[in-house]
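Each remark here refers to the structure printed beneath this line.
The values are calculated or read from the model by the stated rules, or taken from the named source; none is laboratory data. All figures in this text were calculated on a predicted structure; none of them were measured in a lab. Please note: Cβ atoms are built from the backbone with ideal geometry, for glycine as well, and neighbour counts cover all protein chains shown. Side chains are part of the model used for accessible areas, which takes the heavy atoms of the whole protein and leaves out ligands, DNA and RNA. Shrake-Rupley method; radii C 1.70, N 1.55, O 1.52, S 1.80 Å.
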Amino acid sequence: MESGLSSSIVETELGPIKGRRRGDVLQFLGIPYAEPPTDARRFLPPVPVKAWSDVLDATEYPNRSLQPPAGYLGETVGIPSEDCLFLNIVTPSTEGRSRPVLFWIHGGAFINGSANDYDGSVLATQGDVVVVTINYRLGLLGFLDLSSLGAEFAGSASNGIRDQILALNWVRDHIADFGGNPENVTIFGESAGGHSVMSLLASPEADGLFHKAIAHSPGTTDRPPPDLVPSLVSHLNVNRDQLVSKLCDISPEELISIQVAVPSIGVGIDGKVVTRSTNKAITEKGPEGVPLIAGTNKDEGKFFTALYAIADPDFLPPQEPIARIVTGGEDPTTYMDELKALHPGASPAEIFERIWDGLFRRAAIGGVACTTAAGTGGWLYQFDLRSTEKFLGYDVGAGHAVEIPFTFNRFNSNDPGLLALYNSSDPDVLKLSQQWSDTVIQFAKTGDPNGAGLPEWPRYDEQSRATMVLDRYSRVESDLNREERLLWDRH
């Protein structure tokens, strides 16, 4: 039951939880959904949180996952810690139990980011929905494959995905106490969060825990996770059979310094949690699967070249590792040669941007095409509205992640949040923010994005290839980026 004007105490099976009232919503911040994954539990699956007797104070943002300093995006709320498995809830009311639930998974390349950066208050009141945002383990703690070093580490490459699944279990069991409907849960996320959405679609353990999915700028789950054990053995100068003991003994600060020194983390098909590729899983489930919206931004890659240029204007990373993801792990030499031929005169930075574009678009197109073919319906979008503000001095156009404030309709609030690179007094910005967020809410309610203010949006199939272009004048176009799509298909 709600009580008072500034706070609310909800009785749950786990124990009483005190939240805070902020405007028209109730916020419950920092609710633990798992026991701390620390000490002997480092690198192991998460364990459900134990019940408590005293009132849990959920009025302040919690710890975020252990991670390197935030860098150019600024320091975020919450202390970086191994004890990070918390979720935040925003609800219009704890009365009633039928509101759709929107379950947000943050991005950050699986090494950075936090649920605390995303405020679902506008969405909650706008659509009478419950918004849940979660923290999960990142970096080596969440995605290090130690399966070759012992049966207890089977699936450790997907511990971060396991955290997300446990949080979804928590939602199933307890969200009704906060006014949400556990039988109507939509997962949505951007970048690493979008990639997580695709991985959850490919995890049997997540089946039945969500009913719709939205993947913003996702990656493709179609390969095994990287094996970092040899690099770690070399870096730490230990024998292979000593590695786990060493990794469990070192401090969190040392762990972060090691993470920076070894090759990048990545999520993949570990065989235990994520058991097959996303597209294969969608096809296998057929009409028993879930509807999917997926899409990308027109200038995805510009954000990444800007990040590198800010760090060092004279440095551009090798193109081959990103291109290899586009080609599904195969030698990308021919792909890169053909890409350069497709864009004569393009600079190395522009080619690098095109490769990033391809990484995200291949995943989005493949996912929605398979979902429509399976019978549940897939819808593809491309966000084209160019940013009007520069990102630390760089014009990133419709770059990676700039659509997030539109998704949460933050331009219609006093705090647009991260990467709000648009003039919030521009009526076209406000209109698209309202239309797109209304569409997200409509999809969460019905499983169909139509009827919320955008033009009629057909499902994406391999005949029409209909794409919703989100812009000052949103429209549906057929087979955008055709030449590059054909190039990806060949490779």
>> Under 5 Å between amide hydrogens, which residues at least 5 positions from Thr59 or on another chain qualify, with H placed 1.01 Å from N in the peptide plane?
In response: Leu29
> Taking the stretch 294-336 as the region of interest, what is the percent of Cα-Cα pairs per 10 angstrom bin, listed from the shortest bin to the one with the maximum distance?
Replying inline: 25, 40, 34, 1
>> Quick check: pseudo-label points 7 Å beyond the Cα along Cα→Cβ at Arg223 and His343, how many nm apart are they?
In response: 2.0 nm
> If you stretched the chain out fully between Thr275 and Glu320, how much longer would it get, using 0.36 nm times the residue separation minus the C-alpha to C-alpha distance?
Replying inline: 13.5 nm
> Which listed residue (Ser191, Tyr136, Phe153) has the Cα farthest towards the positive end of the charge dipole for the stretch 115-192, taking +1 on Lys and Arg C-beta and -1 on Asp and Glu C-beta about the Cα centre?
Replying inline: Phe153
> To the nearest 10 square angstrom, what accessible area does Ser425 show with a 1.4 Å probe?
Replying inline: 90 Å²
>> For the stretch 468-484 and the stretch 198-220, what is the centre-to-centre distance using only Cα atoms, to the nearest Å?
In response: 24 Å
> For the residue pair Glu60 and Ser98, what label-to-label distance in nm results when each label sits 7 Å from Cα along the Cα-to-beta-carbon direction?
Replying inline: 3.9 nm
> Quick one: Cα centre-to-centre distance for the stretch 1-68 and the stretch 145-168, in angstrom?
Replying inline: 23 Å
> Amide H of Gly189: which non-local residues (sequence gap of 5 or more, or other chain) have their own amide H closer than 5 Å, using H built in the peptide plane?
Replying inline: Ile105, Ile214, His216
>> Taking 8 Å as the Cα distance limit and 6 or more residues as the minimum spacing, I'd like the relative contact order of the chain as a percentage.
In response: 12 percent
> Which percent of Cα pairs goes in each bin when the distances of the stretch 268-390 are cut into 10 angstrom slices starting at zero?
Replying inline: 12, 32, 34, 18, 4, 0
> Per the Cauchy relation, a quarter of the hull surface: what is the mean projected area of the convex hull of the alpha carbons in the chain, in nm²?
Replying inline: 22.0 nm²
> Using alpha carbon centroids, what distance separates the stretch 384-438 and the stretch 224-298, in Å?
Replying inline: 32 Å
>> Per residue, how large is the accessible surface of the stretch 59-173? Use a 1.4 angstrom probe and give square angstrom.
In response: 28 Å²
> Between Tyr394 and Asp471, 0.36 nm times their residue separation minus their Cα-Cα distance comes to what?
Replying inline: 25.6 nm
> Cross-link list Lys298/Lys340; Lys285/Lys445; Lys18/Lys212; Lys298/Lys390; Lys302/Lys445: which exceed 24 angstrom alpha carbon to alpha carbon?
Replying inline: Lys18/Lys212; Lys302/Lys445
> Taking a quarter of the surface of the Cα convex hull of the stretch 159-209, what do you get in nm²?
Replying inline: 3.4 nm²
> Ordered by residue, what ³J(HN,Hα) values in Hz, to whole numbers, does the stretch 380-397 give under the Karplus form 6.51 cos²θ - 1.76 cosθ + 1.60, where θ = phi - 60° and Gly and Pro are x?
Replying inline: 10, 10, 9, 8, 10, 5, 5, 5, 9, 10, 8, 9, 6, x, 10, 7, 9, x
> Quick one: Kirkwood hydrodynamic radius for the stretch 451-491, alpha-carbon pairs, angstrom, one decimal?
Replying inline: 11.4 Å
> Can you work out ³J(HN,Hα) from phi for every residue in the stretch 444-459, in order, using Karplus 6.51 cos²θ - 1.76 cosθ + 1.60 and θ = phi - 60°, giving whole Hz and x for Gly and Pro?
Replying inline: 4, 7, 10, x, 9, x, 7, x, 10, x, 7, x, 4, 10, x, 4
>> Charges at C-beta only: +1 for Lys and Arg, -1 for Asp and Glu. How large is the resulting dipole of the chain about its Cα centre, in Debye rounded to 20?
In response: 460 debye
> So, with a 1.4 angstrom probe, what is the percent of accessible area on the chain that is carbon and sulfur?
Replying inline: 50 percent
> Taking the Cβ of Arg410 as the center, what net charge do the other residues with Cβ under 13 Å away carry, scoring Lys and Arg +1 and Asp and Glu -1?
Replying inline: -4
> Taking +1 at the Cβ of each Lys and Arg and -1 at the Cβ of each Asp and Glu, which of Ile310, Thr439, Ser65 sits farthest along the dipole of the chain towards its positive end, judged by Cα position relative to the Cα centre?
Replying inline: Thr439
> Sequence-distant or interchain residues sharing an amide H contact under 5 Å with Arg64, placed H: which?
Replying inline: Ile79, Ser81
> Using the scaling law 2.2 N^0.38 Å as the reference, what is the normalised Cα Rg of the stretch 194-256?
Replying inline: 1.61
>> Whole-Hz ³J(HN,Hα) for each residue in the stretch 332-345, computed from phi via Karplus 6.51 cos²θ - 1.76 cosθ + 1.60 with θ = phi - 60°, x for glycine and proline: what do you get?
In response: x, 4, 5, 4, 5, 4, 5, 5, 5, 5, 6, 10, x, x
>> Please list the three semi-axes, largest first and in whole Å, of the ellipsoid equivalent to the stretch 211-306, using sqrt of 5 times the eigenvalues of its alpha carbon gyration tensor.
In response: 34, 20, 11
